[in-house]
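Working notes, structure below.
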Amino acid sequence: MEIAANDISQTLCQSVAEAAGLGRPLQLCGSGSKEFFGRRATGTRLDLTAHRGVINYEPRELVITVRAGTRLAELESLLAAEGQMLAFEPPHFGPSATLGGSAACGLSGPRRPYAGALRDFVLGVTLINGRGERLRFGGEVMKNVAGYDLSRLMVGAMGSLGLLLDVSLKVLPLPETERTLVQACTEEQAIERMNRLAGTPLPLTGAVYDGLQLYLRLSGSEPGVVAAQTRLGGEVLADGSGFWRRVRELEHPFFDSSSANGPDNGRPLWRLSISPGSPPLGLPGRQFIDWGGAQRWLIIEQPGEQPTEQLAERLRAVAVQHGGHAQLFRGGDRNGAVNHPLPGPLMQLHQQLKLAFDPQGIFNPGRLYPEF
Amino acid sequence: MDHTPRVNPSVDPSVDKPGLIKALRQILPAQRILHEREALRPYECDGLSAYRQVPLLVVLPDDAEQVRRVMQCCHERGVPVVARGAATGLSGGALPLADGVLLSLARLNRILHIDPLNRTARVQPGVRNLAISQAVEGLELYYAPDPSSQIACTIGGNVAENSGGVHCLKYGLTVHNVLQLKLVTAAGELVTLGAEALDAPGFDLPALLIGSEGMLGIVVEVLVKLLPTPERAQVLLAAFDDVSKAANAVGDVIAAGIIPAGLEMMDGLAIRAAEDFVHAGYPVDAEAILLCELDGANEEVSAHLARVRQQLLDSGATEVRTAENEEQRALFWKGRKSAFPAVGRISPDYYCMDGTVPRKRLAEVLLETSRLSAHYQLPVANVFHAGDGNLHPLILYDANRPGELKRAEDLGAEILELCVRVGGTITGEHGVGHEKIHQMCVQFNAAELAQFHAVKRAFDPHGLLNPGKAVPQPRHCSEYKALGSDTLTPPSARDQDARDQDARDHGA
């Protein structure tokens, strides 16, 4: 049976135990679609893509458990066949993207502010810790508070706490219908409107501003969406689903100059995660607003105006002022401070947690922060 | 009778109480430090009153800075600390320690800031759950998690337990509705976890802290998300002549592609108790009812109502009623929300369990529970969050009859182990606390428990925060497994005689 044949967890446990014994760092690898993300990886590559397959899927239970090496595209088409979806709308960044990589990076798409993030849908994980022990936390039920929530802790940890073997996720029904409405407005108006509408009972599932127009996505039953559409006005976008896919994948023309095919192998792409109602930030460069105002993408087209570190400091200060943080999402110096620095006591907690899971420091050292 | 008052034997018993009081008086006014036995008595238990322990001291700080200094002081002296909100918890998570400080956060009860545009509220931990929704009602916003104790329970306690409620199938648990925490560590340091943004750099520490039962830090401030009040909410009441049909209907509704805002089930015993108590208009001859709430935009609710109604009939409902107006809707819910006290009227005592199972196993687990109920000769009423598969069997017993509490505990333990066996968990929303510490050994193996302990040490290397709760020691598990479940009661379960004996021992 395919599902049994594609279980390489024993081999992986051995590899980890061996690496721990030798104190030899490992670079945990899925398809490599998100290698650009985070700090540069070091260590011996350990390929996890062979550990794949759906362990359990019961549409009635709204739960799916899949091995980390399973391709995201495969998973999504399986769900779609049953009229279900991953409501956090994960970006793929490549045709072979795996669920494990998505979970480790903790990335969610435009639906995030309304439906929740990847971490919100994680019900349980099986992982290998830095001692080579296979551990299961959480489960396949909707509510579970037995023991600390170590499953969600893995999300966004960039593989630094454990090697993910499988993940159980809550899934949701696909909306009956979706419609995208477009309206020209200023940045200030867009931010105000996105946030005001999010505070009203509308079936809103996406809100972005591309610098010229505000795009609002409505999802739900046909009568509900029609009623909301009547209330909101605006023009209906013909290829709504294509638009949101391009936003999710950072393939919207806004991002062109920051892609590897762009000028100078791509301009640095900054991500400012801030409180959604923050007014226009008045920063240099171009901005694209997603997540109803809570995620602001920034590309500075004229490099050299300001030394990189000085610019980074400025972006971080602005993000902090608006209750959030700044991250060098793509491009730039991947050996530098790509993630927002942590205050001392918080960094200390991170380092202690790292030791609790991975005492030899073998998992993806330096990928999240240079300190561990 | 089991007489093991020390919940955590590893803590040094020789705490210098006068010295500690003197040090705390540098931090807090004298009236915020309780140390006389009669003043301490009200703090001896939480909502799980079968387990009691008078603490060494109770402190009642007024602000986060005092909390920080109290923690620093206790840390320096190696004194363990148990945090307490409104003490509505049902797993003994706030059970005090004989040689520890009970830290009440009840006085930190201010709503600090409401941000309508960003839809957040910044509150202190002692703010009551319902008070948040009441404070933002005029903005047509609300705080979604609604545990049945929401009139009394505090947001700090909700964070500690990752509380759910009736509406969490659609709107999530505490972990889905909290953005940021300010935390005082075991060493008395203030750290901020999470952000006003939707995510924060580094590890997802709010996710780790929420549901950690006061073992990793003391929460002194919480930033919660607020949701828009739905335009319309409508309740359906479906009656069934068979518990299994009702249980299977739960999965059928969800399989139809609709996520109800709430999907609750009550069995015959619970229906009749609730009806006698509040006259909700429930069909008293039914073997089970489902309450299904649909909410959202007006048109959306209308479309879903018709579909769910038909689905319930197709699944074997003998009758489906739609609440005709807001009063009837409130009445349908009143019956559900008062079901616990209603059961309290027909039995001197009841013991509430909290296992969660996959929805498809509901019918089987309910049948097995009723078999166990007959075997132990104790009635069990079922009132629960069916949509989440989160069971709340209420075991009816009389603590004044010798041996009945023990029998209720054993029956409860069997039900929880049954939940684990069918792929579920021993606790969906009440926490492990002191109560379910044995059953943790059934759900997790030694390496997993060791990983929990390692995480605990990362935050609290000296084991001063709520020691002995939530995660059992490996030694404890090997004893439990070797002896079998019916020979061990939780470590400090004691009846009134033992409590009186304890009082005499302490010279009260």
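The values are calculated or read from the model by the stated rules, or taken from the named source; none is laboratory data. Remember, predicted model here, so these are calculated numbers, not experimental data. Glycine gets a Cβ as well: all are built from the backbone with ideal geometry, and neighbour counts include every protein chain shown.
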Every pair of residues 6+ apart whose Cβ atoms lie under 6 Å, when the first sits in segment A:150-165 and is closer than 18 Å to A:Arg45 by Cα and more than 7 Å from chain B (Cβ to nearest Cβ) while the second is polar (S, T, N, Q) and surrounded by fewer than 24 Cβ atoms within 10 Å (Cβ to Cβ): A:Leu165/A:Ser9; A:Leu165/A:Thr126
Residue that is farthest from the other protein chains (Cβ to nearest Cβ), among those in segment A:166-196 that are of a type outside the set (A, V, I, L, M, F, W, C) and part of a loop (DSSP other than H, G, I, E, B): A:Thr186
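Conditions (1) among the basic types (Lys, Arg); (2) within 17 Å of the chain's Cα centre (by Cα), marked per residue:
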position	(1), (2)
A:Gly32	no, yes
A:Arg40	yes, no
A:Glu76	no, yes
A:Ala80	no, no
A:Met85	no, yes
A:Pro95	no, yes
A:Gly100	no, yes
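Could you tell me whether A:Leu250 is closer than 27 Å to A:Ala117 by Cα, away from chain B (no Cβ under 14 Å), surrounded by 15 or more Cβ atoms within 10 Å (Cβ to Cβ) and modelled with pLDDT of 95 or more? It would help to see each step written out before you state the result.
Details: closer than 27 Å to A:Ala117 by Cα: yes; away from chain B (no Cβ under 14 Å): yes; surrounded by 15 or more Cβ atoms within 10 Å (Cβ to Cβ): yes; modelled with pLDDT of 95 or more: yes.
Taking the combined requirement at face value, the residue satisfies it.
Among the listed residues B:Ala200, B:Ala238, identify the single one that is assigned by TED's automatic domain parsing to the domain that holds B:Arg307 and either within 14 Å of B:Leu181 (Cα to Cα) or buried (at least 22 other Cβ atoms within 10 Å of the Cβ) (or both). Give the steps one after another, and end with the answer.
On the way: B:Ala200 fails: assigned by TED's automatic domain parsing to the domain that holds B:Arg307.
None of the others qualify; the one that does is B:Ala238.
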So B:Leu362, is it among the hydrophobic types (A, V, I, L, M, F, W, C), in a helix (DSSP H, G or I), modelled with pLDDT of 95 or more and crowded, with 17+ Cβ neighbours inside 10 Å: yes
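Check A:Leu135, A:Leu127 and return the single one that is assigned to a strand (DSSP E or B), facing chain B (nearest Cβ under 7 Å) and without any contact (Cβ under 8 Å) to a residue 40 or more places away in the chain. Can you show your working first?
Working: A:Leu127 fails: facing chain B (nearest Cβ under 7 Å).
Of A:Leu135, A:Leu127, the one residue that is assigned to a strand (DSSP E or B), facing chain B (nearest Cβ under 7 Å) and without any contact (Cβ under 8 Å) to a residue 40 or more places away in the chain is A:Leu135.
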Which numbered condition B:Ala399 misses (of (1) facing chain A (nearest Cβ under 10 Å); (2) surrounded by fewer than 21 Cβ atoms within 10 Å (Cβ to Cβ)): (1)
Residue list for segment B:268-313, filter: among the basic types (Lys, Arg) and in contact with a strand residue (DSSP E or B) (Cβ under 8 Å, 6 or more places away or on another chain): B:Arg309
Sole residue being closer than 20 Å to B:Gly387 by Cα and either touching a residue at least 24 places away in the same chain (Cβ under 8 Å) or surrounded by 20 or more Cβ atoms within 10 Å (Cβ to Cβ) (or both), chosen from B:Leu331, B:Leu305: B:Leu305
Matching residues in segment B:450-508 - criterion: being modelled with pLDDT of 85 or more, in contact with a strand residue (DSSP E or B) (Cβ under 9 Å, 6 or more places away or on another chain), buried (at least 22 other Cβ atoms within 10 Å of the Cβ) and in a loop (DSSP other than H, G, I, E, B): B:Asn466, B:Lys469
Scan of segment B:55-86 for residues that are aliphatic (A, V, I, L, M), touching a residue at least 60 places away in the same chain (Cβ under 8 Å) and under 28 Å from B:Ile151 (Cα atoms), ordered by number: B:Ala64, B:Val67, B:Val81, B:Val82, B:Ala83, B:Ala86
Per-region count, segment A:262-292, residues within 14 Å of chain B (Cβ to nearest Cβ) and either buried (at least 20 other Cβ atoms within 10 Å of the Cβ) or among the charged types (D, E, K, R) (or both): 13
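In segment A:1-92, which strands (runs of 3 or more DSSP E) lie fully inside it and hold 3 or more residues that are away from chain B (no Cβ under 14 Å)? Write out each step before concluding.
Values: elements: A:26-29, A:44-47, A:54-58, A:63-67.
Qualifying strands (runs of 3 or more DSSP E): A:26-29, A:44-47.
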Qualifying residue in segment A:197-210 (condition: over 25 Å from the mean Cα position of the chain (by Cα) and either surrounded by fewer than 18 Cβ atoms within 10 Å (Cβ to Cβ) or outside any loop (DSSP other than H, G, I, E, B) (or both)): yes
Checklist (1) at the interface with chain A (Cβ under 10 Å from one of its Cβ atoms); (2) in a loop (DSSP other than H, G, I, E, B) applied to B:Gly387, failing item: (2)
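Take segment B:266-283 and flag every residue that is of a type outside the set (Gly, Ala, Ser) and closer than 18 Å to B:Pro341 by Cβ.
Step one: list which residues in segment B:266-283 are of a type outside the set (Gly, Ala, Ser), which gives B:266-267, B:269, B:271-272, B:275-279, B:282-283.
Matches in segment B:266-283: B:Met266, B:Asp267, B:Leu269, B:Ile271, B:Arg272, B:Glu275, B:Asp276, B:Phe277, B:Val278, B:His279, B:Tyr282.
Go through B:Leu179, B:Leu193, B:Leu223, B:Leu209 for me and flag whichever is in contact with a helix residue (DSSP H, G or I) (Cβ under 6 Å, 6 or more places away or on another chain), within 10 Å of chain A (Cβ to nearest Cβ) and of a type outside the set (Gly, Ala, Ser). Give the steps one after another, and end with the answer.
On the way: B:Leu179 fails: in contact with a helix residue (DSSP H, G or I) (Cβ under 6 Å, 6 or more places away or on another chain); B:Leu223 fails: in contact with a helix residue (DSSP H, G or I) (Cβ under 6 Å, 6 or more places away or on another chain); B:Leu209 fails: in contact with a helix residue (DSSP H, G or I) (Cβ under 6 Å, 6 or more places away or on another chain).
Result: B:Leu193 is the single residue among B:Leu179, B:Leu193, B:Leu223, B:Leu209 that is in contact with a helix residue (DSSP H, G or I) (Cβ under 6 Å, 6 or more places away or on another chain), within 10 Å of chain A (Cβ to nearest Cβ) and of a type outside the set (Gly, Ala, Ser).
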Qualifying residue in segment A:308-331 (condition: touching a residue at least 60 places away in the same chain (Cβ under 8 Å) and either away from chain B (no Cβ under 14 Å) or of a type in the set (Gly, Ala, Ser) (or both)): yes
Any hit, segment B:58-72, residues being within 30 Å of B:Pro393 (Cα to Cα) and modelled with pLDDT of 95 or more: no
Pairs, first not assigned by TED's automatic domain parsing to the domain that holds B:Arg336 in segment B:367-390, second polar (S, T, N, Q) and in a helix (DSSP H, G or I), C-beta under 9 Å, six or more apart: B:Leu367/B:Ser244; B:Pro379/B:Ser373; B:Val380/B:Thr369; B:Val380/B:Ser370; B:Val380/B:Ser373; B:Asn382/B:Thr369; B:Asn382/B:Ser370
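For segment B:227-265, give me the residue count where each residue is aliphatic (A, V, I, L, M), closer than 20 Å to A:Val171 by Cα and outside any strand (DSSP E or B).
If we filter segment B:227-265 for residues that are aliphatic (A, V, I, L, M), which is where we start, we get B:227, B:233, B:235-239, B:243, B:246-247, B:249-250, B:253-256, B:258-259, B:261, B:263, B:265.
Next, from what is left, pick out any that are closer than 20 Å to A:Val171 by Cα: B:249-250, B:253-256, B:258-259, B:261, B:263.
Imposing the further condition that a residue be outside any strand (DSSP E or B) reduces the set to B:249-250, B:253-256, B:258-259, B:261.
Counting residues in segment B:227-265 that are aliphatic (A, V, I, L, M), closer than 20 Å to A:Val171 by Cα and outside any strand (DSSP E or B) gives 9.
Given the options B:Gly431, B:Gly355, name the one that is at positive phi, within 14 Å of another protein chain (Cβ to nearest Cβ) and crowded, with 17+ Cβ neighbours inside 10 Å. Full working, then the answer.
On the way: B:Gly355 fails: at positive phi.
Of B:Gly431, B:Gly355, the one residue that is at positive phi, within 14 Å of another protein chain (Cβ to nearest Cβ) and crowded, with 17+ Cβ neighbours inside 10 Å is B:Gly431.
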